[in-house]
Amino acid sequence: MKYKAVISDLDGTLLNGEHKISEYTKNVIKKIIGQGVKFIIATGRHHTDALCFKNQLGADSYLVSANGSKVHDNENHEIIVHNIPKDLTEKLLNVKVSSDIIRGVYAGDNWFTEIHVSEFDEYHVESGFKPKVVDFEKLKGQEISKIFFISENIKGLEELEKELRANQEFVEKLDITASLDNCLEVMIKEATKGNAVIEILEKEGILPEEAIAFGDGLNDKEMLQVVGKGVIMGNASEKLKALLPDYEVIGTSSEDAEGHYLEKLFK
């Protein structure tokens, strides 16, 4: 089947180990776009950050960011917004976390952190998008796109996730997911990549079975399930592989596996 749309995650999927799209993969995708195929990026990254990768590909299509909290059209107009309301933002910011867990917040055009983390710079060399260091007390009166927690203390993140899920209001109103084993993300319930992809395909008159998607994290699960074919990266979360045991697993992002797969698929 010749697919009419390709949906791709960025980190761990389209981006290689240097957090870049290789020239090989860029060329493959540009040829596919030239055939009239819609290429849609669906990422947990902030819109401003992800836009540079869309521009590198010359993708004349939609951009899903912050795990579906925002969708921008081909002219970079914001067409879908799903924010966490002020009251829930305050409750999330009041959750105590250990000192080895770093919190980040996306709000509007901004990315906020409480301390500067040099490791963030490596992930955002291409876009130059960097967080602003602020006192999170000042964010309690705002709507936000998402809050995320990063740590190499995986058990600590798992305990934090259990704590969040023990709150019935959080479970009913929020989507709590892991984009990576060391990154726990929280958005409003409606904000998922899967929901965003469904809305986009409907707007474009493309059937779900006419789309193929690539991902590597638990935040990609719904997106992989709502399309005709979902493809899992070899470097993907083992939890994702276990949840979707019948899905095809290909090579790793550092091997340009998505690019090779697409080249063979579209010839």
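The values are calculated or read from the model by the stated rules, or taken from the named source; none is laboratory data. No experiment lies behind these values; they were computed from the predicted model shown. Glycine also receives a Cβ, built like all others from the backbone with ideal geometry; neighbour counts cover every protein chain displayed. The accessibility values were calculated without ligands, DNA or RNA, using every heavy atom of the protein model including side chains. Shrake-Rupley method; radii C 1.70, N 1.55, O 1.52, S 1.80 Å.
See the values below:
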quantity	calculated
Criterion violated by residue 181 - all others in (1) open to solvent by 60 Å² or more (accessible area, probe 1.4 Å); (2) over 24 Å from residue 61 (Cβ atoms); (3) without any contact (Cβ under 8 Å) to a residue 40 or more places away in the chain; (4) not basic (Lys, Arg) satisfied	(3)
Hits in region 1-34 - residues which are open to solvent by 50 Å² or more (accessible area, probe 1.4 Å) and assigned to a helix (DSSP H, G or I)	23, 24, 27, 30, 31, 34
Total residues in region 91-132, condition touching a strand residue (DSSP E or B) at 6+ places or on another chain (Cβ under 6 Å), aliphatic (A, V, I, L, M) and open to solvent by 30 Å² or more (accessible area, probe 1.4 Å)	1
Matching residues, region 77-93, being touching a residue at least 24 places away in the same chain (Cβ under 8 Å) and part of a loop (DSSP other than H, G, I, E, B)	82, 83, 85
Flag for residue 204 being acidic (Asp, Glu) and over 11 Å from the mean Cα position of the chain (by Cα)	yes
Residue check for residue 169: charged (D, E, K, R), modelled with pLDDT under 95, within 22 Å of residue 148 (Cα to Cα) and outside any strand (DSSP E or B)	no
Residue in region 134-158 that is farthest from residue 47 (Cα to Cα), counting only those that are assigned to a strand (DSSP E or B) and among the aromatic types (Phe, Trp, Tyr)	149
Qualifying residue in region 134-154 (condition: farther than 17 Å from residue 10 by Cβ, open to solvent by 60 Å² or more (accessible area, probe 1.4 Å), touching a strand residue (DSSP E or B) at 6+ places or on another chain (Cβ under 9 Å) and at pLDDT below 90)	no
Residues that are of a type outside the set (Lys, Arg), open to solvent by less than 60 Å² (accessible area, probe 1.4 Å) and either without any contact (Cβ under 8 Å) to a residue 60 or more places away in the chain or touching a Ser or Thr at 6+ places or on another chain (Cβ under 6 Å) (or both), drawn from region 216-230	216, 217, 218, 219, 224, 226, 230
Enumeration of residues in region 205-215 that are of a type in the set (A, V, I, L, M, F, W, C) and open to solvent by 10 Å² or more (accessible area, probe 1.4 Å)	206, 207
Candidate set: region 227-267, residues that are in contact with a strand residue (DSSP E or B) (Cβ under 8 Å, 6 or more places away or on another chain) and of a type in the set (Val, Ile, Thr); chosen: the one farthest from residue 16 (Cα to Cα)	227
Qualifying residue in region 35-42 (condition: over 23 Å from residue 229 (Cα atoms) and open to solvent by 10 Å² or more (accessible area, probe 1.4 Å))	no
Residues being modelled with pLDDT under 90 and either in contact with a Lys or Arg (Cβ under 9 Å, 6 or more places away or on another chain) or in a strand (DSSP E or B) (or both) - total across region 124-133	5
